[in-house]
Amino acid sequence: MSVENYPKLGGYVTESKDMVGMMHSKRENPFGLFSQQIFGPVNDYECMCKKIVGISNSGQICPDCKVVCMSNDCRYTQFGKIETIFPYIKPNKKNQIKKYLGPLSDILMNPDRCEVNLDSEKYLAVKFDKSKMKIVEKLNSLKDYLVIPFRITGIYSLYIAVKFTADYLNVEKAKELLDQKCITNQLKVLPPNLRAYSFDSDKNTTRSPIVNKLYISVINLNKCNIKMIDHIKQDENDFLEKIRIQLKEKILDQDIVESTIFHYDTIASGFQRNINSIYKYVYSLVSGKTGLIRNLILGRIIEFSGRTVIAVDPSLPPYQVKVSKDMLKTLWMPYFLHYLTNYKDIDYTECFQRYMIEDKKYGEEFDQLFEEFLLWFYDYSDNGKK
């Protein structure tokens with residue numbers, strides 16, 4: 001294959017084979033899970049064919065092997081991508097989808113319930129003022145709602161209903177589910193040094209963690225269904241057009257049901273099942289006693305940390321920290337006393353006696369005052385007075 005067709009840094013992984021070449025000259029597959037073209041060089045400031053070497057050539061791309069000359073630390077930080085033929089739901093975005101579409105959406109997002117969903121009836125209903133959406137079980141008219149006459153039986157059909165609502169009805173909440181990539185076909189691949197592998201030259205095999213096998217399963221599903229890709233795109237347009245025509249003609253008592261949709265939902269559930277396992281592996285990688293976060297902070301001095309063995313919730317954004325309210329009462333006691341003495345006109349000596357010496361932190365009176373303090377504090381911060 002011509003080097004012009006090699007992937008670039010951060011590109012797409014398309015091959016399940018890790019290594020290419022003869023036994024004594026094996027090298028990473030340019031399109032595989034350990035590609036130097038996608039994830040960066042194995043050797044520090046050295047391309048794969050050793051034509052470009054040295055820190056002075058940093059950032060240059062070798063014209064022969066297409067590997068960037070840079071620090072090999074990038075193999076700890078550089079992600080790759082897999083483009084899935086069918087859309088999937090990000091496991092860490094399920095709560096947001098459930099918040100927008102209601103509790104029935106949780107059944108549709110579960111790939112293990114795919115066969116059960118094929119025998120049920122569920123539809124997406126949109127409020128006339130476009131302020132709310134929810135999954136319903138009946139096609140009959142619902143007060144203040146427009147029920148889209150398209151039967152949803154799984155992840156793919158849910159994607160079609162949401163896409164129609166976003167593109168044709170201009171519902172902002174539906175657009176958010178797509179724009180924020182809650183439903184997407186772009187799967188990130190972890191940097192190779194976070195899923196390290198070893199090569200057994202005697203058996204001519206590669207040993208790697210379970211996550212690599214899960215990525216390979218997704219790639220193989222793509223290969224198995226690659227011939228369907230043109231049909232999928234055409235069918236998607238046909239489904240959207242049928243819904244548009246049926247709504248235009250005001251045919252609201254007949255739903256669109258086709259065996260093709262059932263088939264696509266079944267295949268999409270296979271993608272979702274593997275991707276759920278990948279996310280589960282990532283959570284185990286960063287959380288718990290053996291997780292990266294706890295290993296890195298254990299034994300380090302961190303102010304106001306409670307206990308350094310407590311790992312942060314991996315689902316939180318990086319700028320947020322979740323602590324218990326009881327811990328917050330101790331951490332923010334000086335601010336709380338300041339609030340009581342300056343804004344509630346309570347004598348400082350009385351505050352100190354009651355809440356510091358007598359230790360009445362867990363009474364109902366304290367809880368009520370602390371709730372008032374929190375409301376005041378966040379309002380005070382939001383107004384730029386912090």
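The values are calculated or read from the model by the stated rules, or taken from the named source; none is laboratory data. Fair warning: this is a prediction, and the values are worked out from it, not measured in the lab. Note: ideal-geometry Cβ built from the backbone for every residue, glycine included; neighbour counts use all protein chains shown.
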Quick check on region 55-76. Is at least one of its residues surrounded by fewer than 16 Cβ atoms within 10 Å (Cβ to Cβ), of a type in the set (A, V, I, L, M) and either at negative phi or touching a helix residue (DSSP H, G or I) at 6+ places or on another chain (Cβ under 8 Å) (or both)? yes
Residue check: is Gln272 in contact with a Pro (Cβ under 7 Å, 6 or more places away or on another chain) and either more than 17 Å from Arg195 (Cα to Cα) or surrounded by 17 or more Cβ atoms within 10 Å (Cβ to Cβ) (or both)? yes
Which residue, of Tyr215, Tyr264, is in contact with a helix residue (DSSP H, G or I) (Cβ under 8 Å, 6 or more places away or on another chain), in the same structural domain as Lys99 (by TED's automatic domain parsing), in a helix (DSSP H, G or I) and farther than 12 Å from Phe86 by Cβ? Tyr215
Quick one: would you say Gln37 is at pLDDT 90 or above, buried (at least 19 other Cβ atoms within 10 Å of the Cβ) and part of a loop (DSSP other than H, G, I, E, B)? no
Could you list all residues from region 158-178 that are closer than 23 Å to Ile278 by Cβ and not β-branched (Val, Ile, Thr)? Leu158, Tyr159, Leu177, Leu178
Regarding region 273-289, can at least one residue be identified that is in a loop (DSSP other than H, G, I, E, B) and modelled with pLDDT under 70? yes
Considering region 314-331 alone, what residues qualify as being free of Cβ contacts under 8 Å to residues at least 40 places away in the same chain and part of a loop (DSSP other than H, G, I, E, B)? Pro314, Leu316, Pro317, Pro318, Tyr319, Gln320, Val321, Lys322, Val323, Ser324
In region 23-34, the residues that are surrounded by 14 or more Cβ atoms within 10 Å (Cβ to Cβ) and more than 19 Å from Asn5 (Cα to Cα): Lys26
Quick check: is even one residue across region 128-144 out of contact with any Ser or Thr (no Cβ under 6 Å at 6 or more places or on another chain), closer than 22 Å to Ser259 by Cβ, at pLDDT below 90 and of a type in the set (A, V, I, L, M)? yes
